[in-house]
Amino acid sequence: MVPNFSTVAQAIAEVGDYYPEHTFVFQDLRGDERAYTFVELREETARRGAALQEYGLQKGDRVGLIVIEPQDFILTFMACLRIGVIPVPLYPPMSFGSLDAYAERTRKVLTSADAKLLIASAKLQNVLWALVDQVPSMNKLVPVEQFSQDTTSKAAVFPEILPEDIAFLQYTSGSTADPKGVMVTHGSLVANSRGIIYEGLQLDADKGDKGVSWLPLYHDMGLIGFVIAPIVTGIQAVFIPTLRFIKRPSVWLDTIHRHRGTCSFSPNFGYALAQRRIKDSDLDKWDLSCCKVLGCGAEPIQPETMREFTKLFSERCNLPTTAIMPAYGMAEATLAIALKPGHEDFQTLLCDADTFQNESKVVAAIDGQPALEHISCGVAFKGHRVAVLDENNNDLGDDVEGELCHSGPSVTP
């Protein structure tokens, strides 16, 4: 029976009734793993929800979340959703060289979000402590590790959560302007999750499909694609710390091999990195025939990278040649807008470079002339529409460059 939840809060509370033995598995930086069944996820998020309410948090309050470890991030994030508190995921500082710029951007986001509390990994406290005084709405910084130890005697109080309620705020990068928060609702998350899992990826919880992800959890592809969409549809998942993948890219494909993962995603650079850093001995031991979908999105997709990756891993590790799935999306559409139809090889379109760049039109490539290769990112979900429009909102039709516009239940308010 396919679950039909109306909110993510409901999914977290009830998915264990459908799939009590399905799990989320969390790796740490050493590679040790801890599994939580969906029933245990319900219990742990309820316990953390009660601990959050001990700080006086109520439905609608905003909380900053800067947590490195996948286990603590996901359990605390989901606890917020269950009690109606709105988490604001933020990336941790990447280096000590740009701490001033990082702190200023983080201050702007937390101020914009009107955050009351900042929950962060203990190792980041010294970097983040000053923000408590710099953000007018903020009362306290709490180490996330405290929530794994809190044993409050009170039970969590679960308010009514409606599809139109904001689940969390997804902030844009802020690289060219002040960061802007996208209001992601429970309803848009459920709509997009069902489109992703059932229409796009064509996964089935009853058949044991399982996601594997090293993607950052503060980014929508990792958070919605591999935490929320699986919870809404009952799909199991394994989480690799992003830093572990960056240091040792082989852990990504090794985890897919060991856990018999059927789906994973990465930006283009991840495929190039994995290809470059894989050892011959790894290729000899991996069987990737289990992998139905390897999605690619979040940055420009290079067809040659996809071809080389497919050739290497299909020949050496039995990866299905149809696995590569180019995808297109954006935060304002919750996550995914279009995915390549499954069970077929990805397709590209070669066109004359000069005509496209000068006239914004696609004409066939001319022998001996510079060509551009565009990769197909598939089709929109049912009930959604993608159109290419000019500056007066006229539909341009095929083979013309214009503004991509998207409509449907996945669009955020």
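Counting only residues that are part of a strand (DSSP E or B) and modelled with pLDDT under 95, the range 201-228 holds 0 of them.
Looking across Val25, Val85, Val63, Val2, one residue alone is open to solvent by 60 Å² or more (accessible area, probe 1.4 Å) and either aliphatic (A, V, I, L, M) or farther than 28 Å from Lys140 by Cβ (or both). It is Val2. Residues of the range 47-58 that are of a type in the set (Gly, Ala, Ser) and either surrounded by fewer than 19 Cβ atoms within 10 Å (Cβ to Cβ) or farther than 16 Å from Val8 by Cα (or both): Ala50, Ala51, Gly56.
For the range 34-46, give me each residue that is within 23 Å of Trp252 (Cβ to Cβ) and surrounded by 16 or more Cβ atoms within 10 Å (Cβ to Cβ).
Pass one, the range 34-46, residues within 23 Å of Trp252 (Cβ to Cβ): 34-36.
Once the filter is applied, which keeps residues that are within 23 Å of Trp252 (Cβ to Cβ) and surrounded by 16 or more Cβ atoms within 10 Å (Cβ to Cβ), the range 34-46 yields only Tyr36.
Taken over the range 388-413, the criterion of being open to solvent by 60 Å² or more (accessible area, probe 1.4 Å), part of a loop (DSSP other than H, G, I, E, B) and farther than 26 Å from Arg194 by Cβ is satisfied by Glu391, Asn392, Asn393, Asn394, Asp398, Asp399, Glu401. Quick one: is Ala155 more than 28 Å from the chain's Cα centre (by Cα), touching a residue at least 40 places away in the same chain (Cβ under 8 Å) and open to solvent by 40 Å² or more (accessible area, probe 1.4 Å)? Considered against the rule, which asks whether it is more than 28 Å from the chain's Cα centre (by Cα), touching a residue at least 40 places away in the same chain (Cβ under 8 Å) and open to solvent by 40 Å² or more (accessible area, probe 1.4 Å), Ala155 comes out as yes. Looking at the range 317-336, is at least one residue under 23 Å from Met221 (Cα atoms) and touching a Pro at 6+ places or on another chain (Cβ under 7 Å)? No, there is no match, as no residue in the range 317-336 is under 23 Å from Met221 (Cα atoms) and touching a Pro at 6+ places or on another chain (Cβ under 7 Å).
For Leu162, are the conditions met, namely being within 13 Å of the chain's Cα centre (by Cα) and open to solvent by 10 Å² or more (accessible area, probe 1.4 Å)?
Numbers: within 13 Å of the chain's Cα centre (by Cα): no; open to solvent by 10 Å² or more (accessible area, probe 1.4 Å): yes.
When the stated conditions are applied, Leu162 does not pass them.
Of all residues in the range 110-157 being of a type in the set (A, V, I, L, M) and part of a loop (DSSP other than H, G, I, E, B), which is modelled with the lowest pLDDT?
Step one: list which residues in the range 110-157 are of a type in the set (A, V, I, L, M), which gives 110, 113, 115, 117-120, 122, 124, 127-128, 130-132, 135, 138, 141-142, 144, 155-157.
Pick out the ones that are also part of a loop (DSSP other than H, G, I, E, B) and you get 130, 135, 138, 155-157.
Numbers: Ala130: 88, Val135: 93, Met138: 92, Ala155: 91, Ala156: 92, Val157: 94.
Restricting to residues being of a type in the set (A, V, I, L, M) and part of a loop (DSSP other than H, G, I, E, B), the top hit is Ala130.
Can you find even one residue in the range 310-317 that is in contact with a Phe, Trp or Tyr (Cβ under 7 Å, 6 or more places away or on another chain), modelled with pLDDT of 90 or more and either under 27 Å from Ile256 (Cβ atoms) or crowded, with 18+ Cβ neighbours inside 10 Å (or both)? Taking every residue of the range 310-317 in turn, at least one turns out to be in contact with a Phe, Trp or Tyr (Cβ under 7 Å, 6 or more places away or on another chain), modelled with pLDDT of 90 or more and either under 27 Å from Ile256 (Cβ atoms) or crowded, with 18+ Cβ neighbours inside 10 Å (or both).
Are any residues in the range 1-52 hydroxyl-bearing (Ser, Thr, Tyr) and either under 20 Å from the mean Cα position of the chain (by Cα) or more than 18 Å from Phe77 (Cα to Cα) (or both), and if so, which ones?
Going residue by residue through the range 1-52, those that are hydroxyl-bearing (Ser, Thr, Tyr) are 6-7, 18-19, 23, 36-37, 45.
Matches in the range 1-52: Ser6, Thr7, Tyr18, Tyr19, Thr23, Tyr36, Thr45.
For the range 229-280, residues that are of a type in the set (A, V, I, L, M, F, W, C), open to solvent by 10 Å² or more (accessible area, probe 1.4 Å) and part of a helix (DSSP H, G or I) total 5. State whether one or more residues within the range 127-142 are within 20 Å of Phe73 (Cα to Cα), open to solvent by 30 Å² or more (accessible area, probe 1.4 Å) and in contact with a Pro (Cβ under 7 Å, 6 or more places away or on another chain). Yes, the range 127-142 contains at least one residue that is within 20 Å of Phe73 (Cα to Cα), open to solvent by 30 Å² or more (accessible area, probe 1.4 Å) and in contact with a Pro (Cβ under 7 Å, 6 or more places away or on another chain). Scanning the range 330-351 for residues that are open to solvent by less than 60 Å² (accessible area, probe 1.4 Å) and at positive phi gives a single hit, Thr334.
Restricting to the range 352-387, name every residue that is open to solvent by less than 40 Å² (accessible area, probe 1.4 Å), within 24 Å of Ser193 (Cα to Cα) and touching a Gly at 6+ places or on another chain (Cβ under 8 Å).
Let us first name the residues in the range 352-387 that are open to solvent by less than 40 Å² (accessible area, probe 1.4 Å), namely 352-353, 355-356, 360, 362, 375, 377-378, 380-381, 384, 387.
Of the ones still in play, those that are also within 24 Å of Ser193 (Cα to Cα) are 375, 377-378, 380-381, 384, 387.
Listed by number, the residues that qualify are Cys377, Gly378, Ala380, Phe381, His384.
The values are calculated or read from the model by the stated rules, or taken from the named source; none is laboratory data. Please read all numbers here as calculations on a predicted model, not as lab measurements. Positions of Cβ are backbone-derived with ideal geometry, glycine not excepted, and every protein chain shown enters the neighbour counts. In case anyone asks, the SASA skips ligands and DNA or RNA and just uses the protein heavy atoms, side chains included. Shrake-Rupley method; radii C 1.70, N 1.55, O 1.52, S 1.80 Å.
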